[in-house]
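Down below is the structure, laid out as structure tokens.
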Amino acid sequence: MNNCCMIPVVKSAQDYQAYRISPGDTNRLAIVFDPAIANVSLTFCIEIFEVGGKTPPNRHQWAVEMFFVLKGEGLASCDGKTVSIRAGDSLLVPPTGIHEIRNTGNGRLYTLCFMVPNEDFAELIRSGIPVELDEEDFRVLSRTDALVTC
């Protein structure tokens, strides 16, 4: 049995660094954990799509990419197959699948995005343009947008 214990890394939404990979992108990625922080080959981020926003079609040679929809609705395509996605849905994209996600809702689309192994995903994100998260982003990420007030 391994008696080694790693001290957990705890972050809050205010700690996340967000980027647009390219200037014309309509989605932003806020890195939560990556190999530099977690010391393992994974990337976990929040992907935020503006109304009408989408990822460019892309693929990964070895990595599996997983999405969980926090808020909003859209379409997910992989290798010519398209499905509707909405809050609470999960999506698993296999290696080599050419895929994209598109926001078809009236508000922003928020997804949790995991990539294992990292396959230089975190490095690609960090090579992009730093951007700020705004009040709406913080409300969604802290789930205060879901609180019912009386």
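Read-outs: derived from the displayed coordinates by stated rules, not from any lab. Keep in mind it's a predicted model, so treat the numbers as computed, not measured. Here Cβ is always computed from backbone atoms with ideal geometry, including for glycine, and neighbour counts include all displayed protein chains.
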Listed by first then second residue, the pairs whose first member lies in the range 70-83 and is farther than 18 Å from residue 49 by Cα, whose partner is aliphatic (A, V, I, L, M) and part of a loop (DSSP other than H, G, I, E, B), with beta carbons under 6 Å and at least 6 positions apart or on separate chains, are 79/98
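Could you tell me how many of the residues in the range 8-26 are of a type outside the set (Asp, Glu) and more than 20 Å from residue 36 (Cβ to Cβ)?
Residues that pass the stated criteria total 4.
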Requiring at least 2 residues that are out of contact with any Phe, Trp or Tyr (no Cβ under 7 Å at 6 or more places or on another chain), the strands (runs of 3 or more DSSP E) wholly within the range 1-92 are 17-20, 43-49, 64-71, 73-78, 81-86
Matching residues in the range 93-106 (over 13 Å from residue 54 (Cα atoms) and either surrounded by 15 or more Cβ atoms within 10 Å (Cβ to Cβ) or under 13 Å from the mean Cα position of the chain (by Cα) (or both)) number 2
Going through the range 93-117 in order, the residues found to be within 19 Å of residue 64 (Cα to Cα) and part of a loop (DSSP other than H, G, I, E, B) are 94, 95, 96, 97, 98, 117
If you go through 63, 76, the only one that is surrounded by 19 or more Cβ atoms within 10 Å (Cβ to Cβ), on the phi < 0 side of the Ramachandran plot and touching a helix residue (DSSP H, G or I) at 6+ places or on another chain (Cβ under 9 Å) is 63
